[in-house]
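The values are calculated or read from the model by the stated rules, or taken from the named source; none is laboratory data. Quantities reported herein were computed from a predicted structural model and do not represent experimental measurements. Quick reminder, even Gly has a Cβ in these numbers, built from the backbone with ideal geometry, and neighbours come from all protein chains shown. Side chains are part of the model used for accessible areas, which takes the heavy atoms of the whole protein and leaves out ligands, DNA and RNA. Shrake-Rupley method; radii C 1.70, N 1.55, O 1.52, S 1.80 Å.
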Amino acid sequence: MPQNRNAPGHKAEGALNHCGGDKSAYSTAASAQTIEIAHEAFGCGFDVVVKPQIVPDNQGWEFREHAQAMAFAQSLHQQHGWAIVDRTGGADA
């Protein structure tokens, strides 16, 4: 069966790190991402950001209400298992 040249090989278990030459290292370490909820920079809402960033230059998601931001963060938590860090002090902050 022909193999797609762009597809990871049968040993791929995680993200590809190019080490040079024909050797590659695959990360199997547990993810250290967290989901952070913070006040939006201009004070008119809440930001949800995954740190460290998964996609470069992704500044996260903005929500008008804290409950919306928390619901989105909880959905990410359920999907990926990342911890939620609420830097706002809660819904009344």
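Counting only protein heavy atoms and a probe of 1.4 Å, the accessible surface of region 34-86 is 54% carbon and sulfur.
Here the label points at ASN58 and HIS77, each 7 Å from Cα along the C-beta direction, are separated by 1.9 nm in the simple model. In this Cβ point-charge picture (+1 for Lys and Arg, -1 for Asp and Glu), region 34-86 has a dipole of about 120 debye about its Cα centre.
What does the accessible area per residue of region 34-86 come to in Å², with a 1.4 Å probe and no ligands, DNA or RNA counted? Ligands and nucleic acids excluded, the figure is 65 Å² per residue.
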